[in-house]
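Below is one structure, written out as structure tokens; comments come after it.
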Amino acid sequence: MLVTLGLLTSFFSFLYVVAPSIRKFFAGGVCRTNVQLPGKVVVITGANTGIGKETARELASRGARVYIACRDILKGESAASEIRVDTKNSQVLVRKLDLSDTKSIRAFAEGFLAEEKQLHILINNAGVMMCPYSKTADGFETHLGVNHLGHFLLTYLLLERLKVSAPARVVNVSSVAHHIGKIPFHDLQSEKRYSRGFAYCHSKLANVLFTRELAKRLQGTGVTTYAVHPGVVRSELVRHSSLLCLLWRLFSPFVKTAREGAQTSLHCALAEGLEPLSGKYFSDCKRTWVSPRARNNKTAERLWNVSCELLGIRWE
């Protein structure tokens, strides 16, 4: 018993000593560009909290006009007020956007296009994770509907504004979880079988495939696009899983803060010279390999066509 206690004491003492080095390692890459954004217009979904909020804070500090597009207007206004004070930038605006409802997405896009003549950066950041089975207002399984189809439609509706503002960028927040995902075309709405963990992974693979196909279709337009893995981040995204919430607390030295998690999104939105890497996947501010499924052009094209059919749009 005393030996065991001694070993545990030594182990935790060792962890205490090396914790700062561990923390620095898991903090990951840092966006190092000094690019400033006066006169630039940015839309970030889900920027009322977490990674999106920290992304909005940094872009506002660089002088951009930032739109926080989120479902909870009260939380959005609270975040915007904080960011305005921190950055001394009054051009941080909040607009209603519910990605689980195509009517809300269309209403947001219509309002934004009437308000702004330019759009330089679109960051599709919002998402849900490991939700109990449910469907969106339009009958889509929630992970697919919010994480993929909602952002697919939003990008479609804002794309012409991005093109006239070129050079412009679209950043899609995905996850390393895409490696586990697949696109079950035979059961896209998970009506035959549902696993909330796999449903999340499938939707993150869809983000990478969407980015890949979008880049191909945007060649020559001056608009480029990137998929990013923010890392394992301490955020509200895990709120539907008690196990993940517990693990995040137990392994907090290995979990990124929201600010650290925002760095790769910022890198892909701002870094100079990324244009040749349009359609690629990034982690810790550098290009990273994707799963074989994420490199399948036929799957990407099929997902694109099916998404258009589900949303009732024609996107050539």
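The values are calculated or read from the model by the stated rules, or taken from the named source; none is laboratory data. Note that the structure is a prediction, hence the values are computed from the model and not measured. Here Cβ is always computed from backbone atoms with ideal geometry, including for glycine, and neighbour counts include all displayed protein chains. To get the accessible areas, we keep the full protein, side chains included, count just its heavy atoms, and leave off ligands, DNA and RNA. Shrake-Rupley method; radii C 1.70, N 1.55, O 1.52, S 1.80 Å.
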> Going through the stretch 134-160 one residue at a time, which ones are closer than 20 Å to residue 108 by Cβ and open to solvent by 50 Å² or more (accessible area, probe 1.4 Å)?
Replying inline: 137, 138, 156, 160
> With respect to the numbered conditions (1) buried (at least 24 other Cβ atoms within 10 Å of the Cβ); (2) at pLDDT 95 or above, which one is the sole condition not fulfilled by residue 191?
Replying inline: (1)
> How about the stretch 63-116: which of its residues are of a type in the set (Gly, Ala, Ser), assigned to a helix (DSSP H, G or I) and under 27 Å from residue 135 (Cα atoms)?
Replying inline: 76, 104, 107, 109, 111
>> Within the stretch 75-101, take every residue that is aliphatic (A, V, I, L, M) and touching a strand residue (DSSP E or B) at 6+ places or on another chain (Cβ under 8 Å) and give me the one that is most open to solvent (accessible area, probe 1.4 Å).
In response: 93
>> Give all pairs with beta carbons closer than 9 Å in which a residue from the stretch 82-96 that is at negative phi meets a residue that is among the aromatic types (Phe, Trp, Tyr) and surrounded by 12 or more Cβ atoms within 10 Å (Cβ to Cβ); count only pairs at least 6 apart in sequence or on separate chains.
In response: 92/67; 93/67; 94/67; 95/67; 95/108; 95/112; 96/108
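Taking the stated definitions as given, is residue 208 open to solvent by less than 10 Å² (accessible area, probe 1.4 Å), farther than 26 Å from residue 110 by Cα and either part of a helix (DSSP H, G or I) or in contact with a Ser or Thr (Cβ under 7 Å, 6 or more places away or on another chain) (or both)?
Values: open to solvent by less than 10 Å² (accessible area, probe 1.4 Å): yes; farther than 26 Å from residue 110 by Cα: yes; either part of a helix (DSSP H, G or I) or in contact with a Ser or Thr (Cβ under 7 Å, 6 or more places away or on another chain) (or both): yes.
So residue 208 passes the test.
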> When you scan the stretch 13-56, how many residues do you find that are exposed (fewer than 11 other Cβ atoms within 10 Å of the Cβ), modelled with pLDDT under 95 and closer than 30 Å to residue 97 by Cβ?
Replying inline: 0
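Considering only the stretch 102-131, how many residues are free of Cβ contacts under 8 Å to residues at least 60 places away in the same chain and open to solvent by 40 Å² or more (accessible area, probe 1.4 Å)?
Residues in the stretch 102-131 being free of Cβ contacts under 8 Å to residues at least 60 places away in the same chain and open to solvent by 40 Å² or more (accessible area, probe 1.4 Å): 8 in total.
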> Any chance the stretch 167-175 includes a residue that's surrounded by fewer than 24 Cβ atoms within 10 Å (Cβ to Cβ) and of a type in the set (A, V, I, L, M, F, W, C)?
Replying inline: no
